[in-house]
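See below for the structure under consideration.
The numbers here are math on the coordinates, done by the rules we state, and not lab data. Not measured: the values here are computed from a predicted model. FYI the Cβ positions are ideal-geometry reconstructions off the backbone, even for glycines, and counts take in every protein chain you see.
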Amino acid sequence: MSNWNHPLSMPNVIPPANIASMTAAMLTEIFSPNIIEGEYAWNVELAELESAVMVARLLGWDPAVAGGLCTFDGSGCYFYGLKYALTRVLGKDSRLTGIRTDGKVLVSQQGHYCKMNSTDWTGLGMNNIVNIETDDKTNCIDIEYLEEVMEELYTVGTPIISIICTMGSTDAFAVDPVKMVRELIEKYPNPTGFGQPFLYCDAFISWAWLCFKSYDIEKNPMQFSPRVKTAIKANMQAVKQMEYADAIGCDFHKVGWSVMKVSKQYWAA
Ligand SMILES: Cc1ncc(COP(=O)(O)O)c(C=O)c1O
């Protein structure tokens with residue numbers, strides 16, 4: 001087996017675990033494997049609520065109306081994001097009648113392949129993904145191309161279910177411009193009878209940069225080098241734009257060992 005704790009081991013985004021956390025994880029699993037169920041869970045449900053509030057605060061969202069849940073992996077968050085999107089755009093009745101509209105999901109061609117899992121699992125269908133071309137230099141979505149696609153869908157009256165911003169693509173760490181995407185959603189609304197396109201951010205890799213929002217980069221109390229300071233500033237400015245999203249997924253298991261999907265406004269999907 002791979003030794004993730006080896007100092008030379010740095011594959012993708014798999015962090016090492018320390019022995020104390022391995023012991024704690026094993027003990028809790030043996031002591032009570034049912035912690036997902038509120039009645040047996042003591043404060044675990046409370047921890048889920050509190051974590052959602054912490055992430056909402058990091059994003060600058062009102063924690064009184066935001067909500068979140070822990071689920072399985074990045075793909076699980078993506079799946080929940082799309083489920084919320086479908087319910088908002090097609091209406092709550094779609095939960096009873098099923099998905100009968102070929103609404104589109106617009107996402108960077110470099111977005112994670114779980115775009116295929118989630119469109120497949122929800123029954124929307126993988127053919128309804130529209131892959132948006134990316135800029136050669138930044139690897140971010142080409143906003144002009146995105147606008148062309150949105151204008152065309154708007155003209156023919158095809159609803160957009162969701163636009164997904166990849167906030168840190170798996171390899172190149174390309175962060176899509178959320179604010180500009182929000183402006184395009186306002187410019188090209190869905191046809192009458194459909195809810196507005198849902199803006200989901202796949203922030204699996206990047207969410208942690210939000211923590212620097214409150215860091216005084218000029219005083220620099222942690223004494224980061226000028227090179228690191230530049231990176232912190234650029235990444236933090238890019239991920240800060242997630243305040244314009246409807247929901248985000250953040251993957252604490254890559255840089256913190258657990259996953260959470262947080263919505264700006266919480267409602268049952
Ligand atoms: C940007 C991004 N989104 C989503 C995922 C999917 O996460 P998971 O493999 O935890 O389902 C990954 C995983 O590497 C990812 O890098």
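Numerical summary
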read-out	value
Rounded FRET efficiency, nearest 0.05, which uses the C-beta distance separating Ser225 from Trp121 and R0 of 51 Å	0.70
Proximal charge balance of Val89 [Cβ under 15 Å; K/R count +1, D/E count -1]	+3
Cα→Cβ-extended label distance, 7 Å offset, between Val65 and Asp136, nm	4.4
Whole-number percent relative contact order across region 1-128, with pairs defined as alpha carbons under 8 Å at least 6 apart	15
Relative contact order (percent, whole number), the chain, Cα cutoff 8 Å, 6+ residue spacing	23
In nm, spacing of pseudo-spin labels at Glu186 and Thr28 (7 Å Cα→C-beta vector)	4.1
Viscosity 0.890 mPa s, 25 °C: Kirkwood-radius Stokes-Einstein D of the chain over Cα pairs, µm²/s	124
Mean Cα-pair separation over length for region 110-269, i.e. relative contact order, pairs under 8 Å, 6 or more apart, %	19
FRET efficiency, Arg57 to Met1 (Cβ-Cβ, R0 45 Å, nearest 0.05)	0.75
Highest-fluctuation residue, Pro15, Pro221, Pro63 considered, GNM on the chain with Cα pairs under 10 Å	Pro221
Relative pair counts by distance (%), Cα atoms of region 35-174, 10 Å bins	11, 32, 35, 19, 4, 0
Calculated from backbone phi, Karplus (6.51, -1.76, 1.60) coupling profile of region 183-198 in Hz, x at Gly/Pro	5, 5, 5, 5, 6, 10, x, 5, x, 4, x, 10, x, 6, x, 8
Top of Gln109, Gln241, Gln223 by mean-square fluctuation, Gaussian network on the chain, Cα under 10 Å	Gln223
Ranked packing of 45-57, 20-32, 72-84, most packed first, by mean Cβ within 10 Å	72-84, 45-57, 20-32
Helix 44-59 axis, angle to the chain major axis (alpha carbon atoms, nearest 10°)	70
R0 of 45 Å, Cβ-Cβ distance Thr101-Glu50: FRET efficiency to nearest 0.05	0.75
Partner lysines for Lys83 [C-alpha distance under 29 Å; skip if fewer than 8 residues away on the same chain]	Lys92, Lys104, Lys115, Lys179, Lys187, Lys240, Lys254, Lys261, Lys264
Partner aspartates and glutamates for Lys233 [C-alpha distance under 14 Å; skip if fewer than 8 residues away on the same chain]	Asp216, Glu218
